[in-house]
Amino acid sequence: QAVVVNAGVANAATGPAGVADAARTASETGRLLGLRAEEIVVLSTGIIGVPLPMEKVLGGVEAAASSLSADGGEAAAAAILTTDRGPKLAQVAGSGFTVGGMAKGAGMIHPRLATMLAVVTTDYPLEPGEPGELLRDAVDASFNRISVDGDCSTNDAVVLLANGAGGIPRNPARDSRLVEALHSVCSALARQIVEDGEGATVLLEIRVAGASSDEEAIAVARRVATSPLVKTAAFGRDANWGRVLAAAGSAPWNGGFARLETDRLTVAFDGTKVFDRGAPTGLELDLGGASVTIELDLGLGAGEAAYLASDLTYDYVRLNAEYTT
(Lines give C-alpha, C1' and ligand atoms only; values in the text may rest on other atoms or scores of the structure.)
Protein backbone atom coordinates (compact mmCIF):
# COMPACT_ATOMS: atom_id res chain seq x y z
CA GLN A 1 0.00 0.00 0.00
CA ALA A 2 2.94 2.34 0.49
CA VAL A 3 6.69 2.63 -0.09
CA VAL A 4 9.04 4.49 2.25
CA VAL A 5 12.51 5.34 0.97
CA ASN A 6 15.59 6.77 2.65
CA ALA A 7 18.71 7.88 0.80
CA GLY A 8 22.24 8.27 2.14
CA VAL A 9 22.45 5.14 4.32
CA ALA A 10 21.89 1.68 2.85
CA ASN A 11 21.11 -0.09 6.15
CA ALA A 12 22.97 -3.10 4.70
CA ALA A 13 25.32 -5.28 6.79
CA THR A 14 24.06 -3.57 9.96
CA GLY A 15 23.04 -6.76 11.78
CA PRO A 16 19.91 -7.35 13.89
CA ALA A 17 19.77 -3.65 14.77
CA GLY A 18 19.40 -2.82 11.08
CA VAL A 19 16.54 -5.29 10.69
CA ALA A 20 14.87 -3.75 13.76
CA ASP A 21 15.32 -0.25 12.30
CA ALA A 22 13.68 -1.32 9.02
CA ALA A 23 10.78 -2.87 10.93
CA ARG A 24 10.42 0.26 13.04
CA THR A 25 10.38 2.41 9.90
CA ALA A 26 7.58 0.28 8.45
CA SER A 27 5.65 0.29 11.71
CA GLU A 28 5.81 4.08 12.10
CA THR A 29 4.88 4.64 8.46
CA GLY A 30 1.91 2.31 8.87
CA ARG A 31 0.79 4.11 12.01
CA LEU A 32 0.85 7.47 10.27
CA LEU A 33 -1.01 6.18 7.20
CA GLY A 34 -3.45 3.87 8.94
CA LEU A 35 -1.88 0.75 7.41
CA ARG A 36 -0.38 -2.47 8.74
CA ALA A 37 3.42 -2.59 8.89
CA GLU A 38 3.45 -5.54 6.49
CA GLU A 39 1.69 -3.37 3.89
CA ILE A 40 4.74 -1.05 3.75
CA VAL A 41 7.75 -1.66 1.49
CA VAL A 42 10.95 -0.24 2.99
CA LEU A 43 13.75 0.78 0.60
CA SER A 44 17.16 2.18 1.56
CA THR A 45 20.16 3.34 -0.46
CA GLY A 46 23.55 4.79 0.41
CA ILE A 47 26.65 3.78 2.37
CA ILE A 48 26.93 0.15 3.48
CA GLY A 49 27.51 -0.75 7.13
CA VAL A 50 26.32 2.52 8.68
CA PRO A 51 23.37 2.44 11.13
CA LEU A 52 20.30 4.39 10.13
CA PRO A 53 20.01 7.74 11.94
CA MET A 54 16.54 6.81 13.16
CA GLU A 55 15.70 10.22 14.58
CA LYS A 56 16.20 11.75 11.13
CA VAL A 57 14.50 8.84 9.35
CA LEU A 58 11.38 8.91 11.50
CA GLY A 59 11.24 12.69 11.37
CA GLY A 60 11.40 12.46 7.60
CA VAL A 61 8.69 9.81 7.54
CA GLU A 62 6.39 12.02 9.59
CA ALA A 63 7.05 15.04 7.38
CA ALA A 64 6.48 13.03 4.20
CA ALA A 65 3.29 11.43 5.51
CA SER A 66 1.84 14.83 6.38
CA SER A 67 2.56 16.24 2.93
CA LEU A 68 1.35 13.42 0.67
CA SER A 69 -0.06 14.75 -2.57
CA ALA A 70 -1.30 13.43 -5.89
CA ASP A 71 1.13 15.94 -7.40
CA GLY A 72 4.09 14.79 -5.33
CA GLY A 73 5.71 12.49 -7.87
CA GLU A 74 8.48 14.85 -8.95
CA ALA A 75 9.29 15.78 -5.35
CA ALA A 76 9.53 12.10 -4.41
CA ALA A 77 11.76 11.33 -7.39
CA ALA A 78 14.11 14.15 -6.36
CA ALA A 79 14.13 13.17 -2.68
CA ILE A 80 15.46 9.64 -3.25
CA LEU A 81 18.60 10.63 -5.19
CA THR A 82 22.21 10.12 -4.06
CA THR A 83 24.93 10.70 -6.68
CA ASP A 84 22.31 11.12 -9.42
CA ARG A 85 22.45 14.35 -11.37
CA GLY A 86 18.67 14.60 -11.54
CA PRO A 87 15.39 12.76 -11.01
CA LYS A 88 14.28 9.91 -13.26
CA LEU A 89 10.61 9.70 -14.19
CA ALA A 90 8.57 7.92 -16.86
CA GLN A 91 4.87 7.63 -17.66
CA VAL A 92 2.74 5.93 -20.29
CA ALA A 93 -0.98 6.56 -20.62
CA GLY A 94 -2.96 3.61 -21.92
CA SER A 95 -6.61 3.29 -22.87
CA GLY A 96 -8.27 3.96 -19.53
CA PHE A 97 -5.19 3.37 -17.38
CA THR A 98 -1.72 4.80 -16.65
CA VAL A 99 1.66 3.32 -15.76
CA GLY A 100 4.16 5.66 -14.12
CA GLY A 101 7.45 5.25 -12.32
CA MET A 102 10.45 6.85 -10.67
CA ALA A 103 13.96 5.53 -10.12
CA LYS A 104 17.33 6.44 -8.66
CA GLY A 105 20.74 5.07 -9.50
CA ALA A 106 23.99 6.20 -11.10
CA GLY A 107 26.74 3.95 -9.75
CA MET A 108 27.09 0.29 -8.72
CA ILE A 109 24.89 -0.40 -11.73
CA HIS A 110 24.96 -3.95 -13.07
CA PRO A 111 22.58 -6.91 -13.37
CA ARG A 112 21.10 -8.53 -11.55
CA LEU A 113 19.58 -5.16 -11.13
CA ALA A 114 21.91 -2.37 -10.10
CA THR A 115 22.40 0.09 -7.23
CA MET A 116 19.03 1.36 -7.97
CA LEU A 117 15.60 1.70 -6.55
CA ALA A 118 12.55 1.93 -8.79
CA VAL A 119 8.90 2.29 -7.91
CA VAL A 120 6.29 1.75 -10.64
CA THR A 121 2.58 2.30 -10.13
CA THR A 122 -0.55 1.69 -12.15
CA ASP A 123 -4.28 2.10 -11.71
CA TYR A 124 -4.90 -1.03 -13.82
CA PRO A 125 -6.97 -3.71 -12.02
CA LEU A 126 -4.44 -6.48 -11.40
CA GLU A 127 -5.09 -9.46 -9.14
CA PRO A 128 -2.85 -10.32 -6.17
CA GLY A 129 0.24 -12.14 -7.44
CA GLU A 130 0.06 -10.74 -10.97
CA PRO A 131 2.30 -7.68 -10.53
CA GLY A 132 5.35 -9.76 -9.61
CA GLU A 133 5.03 -12.00 -12.65
CA LEU A 134 4.53 -9.08 -15.03
CA LEU A 135 7.33 -7.07 -13.43
CA ARG A 136 9.93 -9.85 -13.72
CA ASP A 137 9.51 -9.99 -17.49
CA ALA A 138 9.78 -6.20 -17.78
CA VAL A 139 12.85 -6.06 -15.51
CA ASP A 140 14.66 -8.80 -17.44
CA ALA A 141 14.33 -6.77 -20.63
CA SER A 142 15.30 -3.43 -19.07
CA PHE A 143 16.95 -3.07 -15.66
CA ASN A 144 18.76 -6.39 -16.12
CA ARG A 145 20.28 -5.18 -19.42
CA ILE A 146 22.20 -2.18 -18.14
CA SER A 147 25.67 -1.67 -16.69
CA VAL A 148 27.58 1.41 -15.55
CA ASP A 149 30.53 -0.13 -13.72
CA GLY A 150 29.95 -3.90 -13.52
CA ASP A 151 29.37 -3.79 -9.76
CA CYS A 152 26.20 -5.18 -8.22
CA SER A 153 24.60 -3.55 -5.20
CA THR A 154 23.27 -4.75 -1.87
CA ASN A 155 20.06 -2.76 -2.06
CA ASP A 156 18.40 -3.21 -5.42
CA ALA A 157 14.65 -3.19 -5.68
CA VAL A 158 11.96 -2.65 -8.28
CA VAL A 159 8.42 -2.42 -6.96
CA LEU A 160 5.14 -2.47 -8.87
CA LEU A 161 2.01 -1.26 -7.07
CA ALA A 162 -1.43 -1.66 -8.66
CA ASN A 163 -4.54 -0.21 -7.02
CA GLY A 164 -7.20 -0.79 -9.68
CA ALA A 165 -8.47 2.76 -9.27
CA GLY A 166 -8.95 3.12 -13.03
CA GLY A 167 -11.96 0.85 -12.72
CA ILE A 168 -11.86 -0.36 -16.34
CA PRO A 169 -12.94 -3.91 -17.23
CA ARG A 170 -10.16 -6.26 -18.27
CA ASN A 171 -9.80 -8.09 -21.56
CA PRO A 172 -6.84 -9.69 -23.39
CA ALA A 173 -6.23 -6.64 -25.57
CA ARG A 174 -6.05 -4.31 -22.55
CA ASP A 175 -3.82 -6.77 -20.71
CA SER A 176 -1.42 -6.70 -23.66
CA ARG A 177 -1.40 -2.91 -23.68
CA LEU A 178 -0.61 -2.90 -19.97
CA VAL A 179 2.37 -5.21 -20.57
CA GLU A 180 3.61 -2.89 -23.34
CA ALA A 181 3.23 0.15 -21.11
CA LEU A 182 5.03 -1.54 -18.21
CA HIS A 183 7.93 -2.54 -20.47
CA SER A 184 8.08 0.98 -21.89
CA VAL A 185 8.24 2.64 -18.45
CA CYS A 186 10.89 0.22 -17.16
CA SER A 187 12.98 0.64 -20.32
CA ALA A 188 12.77 4.43 -20.11
CA LEU A 189 13.84 4.46 -16.46
CA ALA A 190 16.68 2.00 -17.13
CA ARG A 191 17.97 4.16 -19.98
CA GLN A 192 17.88 7.27 -17.79
CA ILE A 193 19.97 5.47 -15.17
CA VAL A 194 22.70 4.65 -17.70
CA GLU A 195 22.60 8.14 -19.22
CA ASP A 196 23.12 9.47 -15.70
CA GLY A 197 25.91 7.00 -14.86
CA GLU A 198 28.45 8.47 -12.47
CA GLY A 199 30.77 10.66 -14.54
CA ALA A 200 29.27 9.34 -17.78
CA THR A 201 29.73 11.25 -21.04
CA VAL A 202 28.75 8.56 -23.57
CA LEU A 203 25.84 6.13 -23.74
CA LEU A 204 26.86 2.81 -25.27
CA GLU A 205 24.16 0.84 -27.06
CA ILE A 206 25.44 -2.69 -27.61
CA ARG A 207 23.54 -4.97 -29.96
CA VAL A 208 24.46 -8.58 -30.61
CA ALA A 209 22.92 -10.65 -33.41
CA GLY A 210 23.70 -13.96 -35.06
CA ALA A 211 24.57 -15.78 -31.84
CA SER A 212 23.95 -19.49 -31.34
CA SER A 213 21.22 -18.62 -28.82
CA ASP A 214 19.69 -15.60 -27.09
CA GLU A 215 21.44 -16.60 -23.88
CA GLU A 216 24.86 -16.57 -25.55
CA ALA A 217 24.03 -13.23 -27.18
CA ILE A 218 23.26 -11.84 -23.71
CA ALA A 219 26.58 -13.17 -22.41
CA VAL A 220 28.51 -11.47 -25.22
CA ALA A 221 26.62 -8.18 -24.87
CA ARG A 222 27.12 -8.19 -21.10
CA ARG A 223 30.86 -8.81 -21.45
CA VAL A 224 31.31 -5.96 -23.93
CA ALA A 225 29.19 -3.67 -21.74
CA THR A 226 31.34 -4.34 -18.68
CA SER A 227 34.79 -4.23 -20.31
CA PRO A 228 36.84 -1.39 -18.75
CA LEU A 229 38.88 -1.20 -21.95
CA VAL A 230 35.80 -0.79 -24.16
CA LYS A 231 34.37 1.78 -21.75
CA THR A 232 37.57 3.85 -21.52
CA ALA A 233 37.92 3.77 -25.31
CA ALA A 234 34.38 5.15 -25.53
CA PHE A 235 35.37 7.97 -23.16
CA GLY A 236 38.23 8.80 -25.54
CA ARG A 237 35.84 8.59 -28.53
CA ASP A 238 38.09 5.84 -29.90
CA ALA A 239 36.46 3.22 -32.15
CA ASN A 240 38.82 0.55 -30.85
CA TRP A 241 37.15 -2.53 -32.30
CA GLY A 242 40.02 -4.76 -31.15
CA ARG A 243 38.89 -4.24 -27.57
CA VAL A 244 35.33 -5.15 -28.55
CA LEU A 245 36.51 -8.38 -30.18
CA ALA A 246 38.67 -9.27 -27.20
CA ALA A 247 35.79 -8.71 -24.79
CA ALA A 248 33.34 -10.69 -26.92
CA GLY A 249 35.77 -13.59 -27.17
CA SER A 250 36.08 -13.81 -23.39
CA ALA A 251 32.35 -13.81 -22.62
CA PRO A 252 31.77 -16.49 -19.96
CA TRP A 253 29.17 -19.05 -20.98
CA ASN A 254 28.16 -22.47 -19.68
CA GLY A 255 31.46 -23.18 -17.93
CA GLY A 256 33.52 -21.91 -20.86
CA PHE A 257 33.12 -19.08 -23.35
CA ALA A 258 30.36 -18.10 -25.75
CA ARG A 259 30.91 -19.44 -29.26
CA LEU A 260 32.63 -17.10 -31.72
CA GLU A 261 34.19 -17.75 -35.12
CA THR A 262 36.32 -14.85 -36.24
CA ASP A 263 35.79 -15.39 -39.97
CA ARG A 264 32.03 -15.00 -39.48
CA LEU A 265 32.16 -12.04 -37.14
CA THR A 266 31.27 -8.46 -38.10
CA VAL A 267 31.59 -5.35 -35.91
CA ALA A 268 30.11 -1.93 -36.66
CA PHE A 269 30.26 1.41 -34.85
CA ASP A 270 27.27 3.68 -35.51
CA GLY A 271 26.44 1.67 -38.63
CA THR A 272 29.94 1.72 -40.09
CA LYS A 273 31.58 -1.69 -40.40
CA VAL A 274 35.07 -1.68 -38.94
CA PHE A 275 35.56 -5.47 -38.96
CA ASP A 276 33.87 -7.61 -41.60
CA ARG A 277 33.86 -11.41 -41.46
CA GLY A 278 37.35 -11.84 -40.16
CA ALA A 279 39.14 -8.80 -41.54
CA PRO A 280 39.42 -5.09 -40.69
CA THR A 281 37.80 -2.76 -43.20
CA GLY A 282 40.28 0.05 -42.66
CA LEU A 283 37.48 2.56 -42.23
CA GLU A 284 37.95 5.28 -39.63
CA LEU A 285 35.18 7.25 -38.01
CA ASP A 286 34.63 10.05 -35.56
CA LEU A 287 32.70 9.10 -32.42
CA GLY A 288 31.87 12.61 -31.36
CA GLY A 289 28.29 12.17 -30.20
CA ALA A 290 26.68 11.56 -26.83
CA SER A 291 25.86 7.98 -27.77
CA VAL A 292 27.61 5.19 -29.65
CA THR A 293 26.03 2.05 -31.07
CA ILE A 294 28.25 -1.04 -31.22
CA GLU A 295 26.81 -3.86 -33.31
CA LEU A 296 28.22 -7.38 -33.42
CA ASP A 297 26.92 -10.00 -35.85
CA LEU A 298 28.38 -13.37 -34.89
CA GLY A 299 27.06 -15.11 -38.01
CA LEU A 300 26.22 -18.31 -36.14
CA GLY A 301 22.46 -18.37 -35.57
CA ALA A 302 19.37 -16.38 -34.66
CA GLY A 303 20.28 -15.39 -31.08
CA GLU A 304 20.19 -11.69 -30.28
CA ALA A 305 20.39 -9.31 -27.33
CA ALA A 306 20.86 -5.66 -26.47
CA TYR A 307 22.56 -3.87 -23.58
CA LEU A 308 23.05 -0.30 -22.42
CA ALA A 309 26.25 0.88 -20.77
CA SER A 310 28.16 4.08 -20.03
CA ASP A 311 31.75 5.06 -20.58
CA LEU A 312 34.34 5.03 -17.79
CA THR A 313 35.69 8.47 -16.95
CA TYR A 314 37.99 10.38 -14.60
CA ASP A 315 34.91 11.69 -12.79
CA TYR A 316 33.70 8.16 -12.08
CA VAL A 317 36.98 7.41 -10.30
CA ARG A 318 36.86 10.70 -8.39
CA LEU A 319 33.26 10.23 -7.25
CA ASN A 320 33.88 6.73 -5.97
CA ALA A 321 37.27 7.46 -4.46
CA GLU A 322 35.60 10.11 -2.29
CA TYR A 323 32.26 8.36 -1.67
CA THR A 324 32.48 7.99 2.12
CA THR A 325 34.98 10.78 2.77
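The values are calculated or read from the model by the stated rules, or taken from the named source; none is laboratory data. Bear in mind that the values here come from a model prediction, so they are computed numbers and not experimental data. Don't worry about glycine lacking a Cβ; one is built from the backbone with ideal geometry, like all the others, and counts go over all protein chains shown. Side chains are part of the model used for accessible areas, which takes the heavy atoms of the whole protein and leaves out ligands, DNA and RNA. Shrake-Rupley method; radii C 1.70, N 1.55, O 1.52, S 1.80 Å.
Below are the figures for this structure:
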item	result
Identity of the residue in the stretch 157-178, loosely packed, with under 14 Cβ neighbours inside 10 Å and among the aliphatic types (A, V, I, L, M), that ends up nearest to Val41 (Cα to Cα)	Ala165
Which listed residue, of Ser187, Ser212, is open to solvent by 10 Å² or more (accessible area, probe 1.4 Å), in contact with a Lys or Arg (Cβ under 7 Å, 6 or more places away or on another chain) and closer than 30 Å to Leu245 by Cα	Ser212
Residues of the stretch 63-95 satisfying the condition of being surrounded by 14 or more Cβ atoms within 10 Å (Cβ to Cβ) and of a type outside the set (A, V, I, L, M)	Gly73, Thr82, Thr83, Asp84, Pro87, Lys88, Gln91, Gly94
Thr154, sole failed condition from (1) within 30 Å of Tyr316 (Cα to Cα); (2) in contact with a helix residue (DSSP H, G or I) (Cβ under 9 Å, 6 or more places away or on another chain); (3) open to solvent by 20 Å² or more (accessible area, probe 1.4 Å); (4) not small (Gly, Ala, Ser)	(2)
Which listed residue is in contact with a helix residue (DSSP H, G or I) (Cβ under 6 Å, 6 or more places away or on another chain), under 25 Å from Ser187 (Cβ atoms), touching a residue at least 12 places away in the same chain (Cβ under 8 Å) and of a type in the set (D, E, K, R), from Glu304, Glu205	Glu304
Those residues of the stretch 16-51 which are part of a helix (DSSP H, G or I) and open to solvent by less than 50 Å² (accessible area, probe 1.4 Å), in sequence order	Gly18, Asp21, Ala22, Thr25, Ala26, Glu28, Thr29, Gly30, Ala37, Glu39
Output for the stretch 72-112, where each listed residue is touching a helix residue (DSSP H, G or I) at 6+ places or on another chain (Cβ under 7 Å), modelled with pLDDT of 90 or more and of a type in the set (A, V, I, L, M)	Leu89, Ala90, Val92, Val99, Met102, Ala103
Every residue from the stretch 254-268 that is farther than 14 Å from Ala209 by Cα and out of contact with any Lys or Arg (no Cβ under 7 Å at 6 or more places or on another chain)	Asn254, Gly255, Gly256, Phe257, Thr262
Filter pass, Gly236 being closer than 22 Å to Ala200 by Cβ and either out of contact with any helix residue (DSSP H, G or I) (no Cβ under 6 Å at 6 or more places or on another chain) or open to solvent by less than 10 Å² (accessible area, probe 1.4 Å) (or both)	yes
Total residues in the stretch 200-226, condition farther than 22 Å from Asn320 by Cα and outside any helix (DSSP H, G or I)	9
